[in-house]
1. Condition first: part of a loop (DSSP other than H, G, I, E, B), surrounded by 16 or more Cβ atoms within 10 Å (Cβ to Cβ) and in contact (Cβ under 8 Å) with a residue 24 or more places away in the chain. Now tell me which residues in the stretch 82-106 satisfy that.
2. For H79, are the conditions met, namely being in a helix (DSSP H, G or I), open to solvent by 20 Å² or more (accessible area, probe 1.4 Å) and not hydrophobic (A, V, I, L, M, F, W, C)?
3. Could you tell me which residue of the stretch 40-64 is least open to solvent (accessible area, probe 1.4 Å), considering only residues that are touching a Phe, Trp or Tyr at 6+ places or on another chain (Cβ under 7 Å) and not aliphatic (A, V, I, L, M)?
4. Is it the case, given these coordinates, that S71 is over 20 Å from H38 (Cα atoms), assigned to a helix (DSSP H, G or I) and free of Cβ contacts under 8 Å to residues at least 60 places away in the same chain?
5. Of all residues in the stretch 137-148 being without any contact (Cβ under 8 Å) to a residue 40 or more places away in the chain and touching a Leu at 6+ places or on another chain (Cβ under 7 Å), which is least open to solvent (accessible area, probe 1.4 Å)?
6. Does at least one position in the stretch 46-68 carry a residue that is over 23 Å from E152 (Cα atoms), without any contact (Cβ under 8 Å) to a residue 24 or more places away in the chain and part of a helix (DSSP H, G or I)?
7. Given the residues F160, F129, F113, which is the only one that is under 21 Å from the mean Cα position of the chain (by Cα), among the hydrophobic types (A, V, I, L, M, F, W, C), part of a strand (DSSP E or B) and surrounded by fewer than 20 Cβ atoms within 10 Å (Cβ to Cβ)?
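The values are calculated or read from the model by the stated rules, or taken from the named source; none is laboratory data. Just so it is clear, the model here is predicted, and its values are computed rather than measured. Note that we place each Cβ from the backbone using ideal geometry, even for glycine, and neighbour counts take in every protein chain shown. The area values use the complete protein model at the heavy-atom level, side chains included, leaving out ligands, DNA and RNA. Shrake-Rupley method; radii C 1.70, N 1.55, O 1.52, S 1.80 Å.
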Amino acid sequence: MHTTTRRRAAAALPLALAAAGAGLCASASPASAETSQHRQGRIADAMGVAAHQKGDPYAYGADGPSRFDCSGLIFFATHRAGFKHVPRSSSAQAAHMNRIARKNMRRGDFIFFYDGAATAGNVYHVGVFAGWNNGHRTMVDAPNSGERVKREPLWSHQWFPGTLRGL
């Protein structure tokens, strides 16, 4: 091949690769939408796992499969749904989740109760947002000793929501 022809071919190569890459980027967009849909499906699965535990007894430090404390229920449900990176304690879970506005909550998001300032380090309880009942937010949680996993209304205004969406 002649030297000038080689130079032209070499100069054209980056443009050809860029054009090919642009085509790949355009087709990558639906893949990210599928990833988001897949994540939403796993969040729904975690909500289903937590709801399925209703009636199981509370036990401090337990994370299933038949006894739970509050963060153990979240740990069990999220891990069963494939979120293996969710930590075990409620304060670590609060630090791990994306914080969102209350108005942006969806079923399967998390409700973190706290004392003092609204920080992860002050969290003492966690539940899974289960939707609305008679105008009140409800959650599935493992309340405390002597009780069972159940769906109940929120009992305090000192809470903040977190989500696995976008993580």
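1. Result: F83, V86, M97, I100, M105.
2. Here the answer is yes, as H79 does meet what is asked.
3. Among those that are touching a Phe, Trp or Tyr at 6+ places or on another chain (Cβ under 7 Å) and not aliphatic (A, V, I, L, M), it is Q53.
4. Against the criterion (over 20 Å from H38 (Cα atoms), assigned to a helix (DSSP H, G or I) and free of Cβ contacts under 8 Å to residues at least 60 places away in the same chain), S71 qualifies.
5. Checking each candidate, the answer is M139.
6. Within the stretch 46-68, none of the residues are over 23 Å from E152 (Cα atoms), without any contact (Cβ under 8 Å) to a residue 24 or more places away in the chain and part of a helix (DSSP H, G or I).
7. Checking each option against the conditions leaves just F160.
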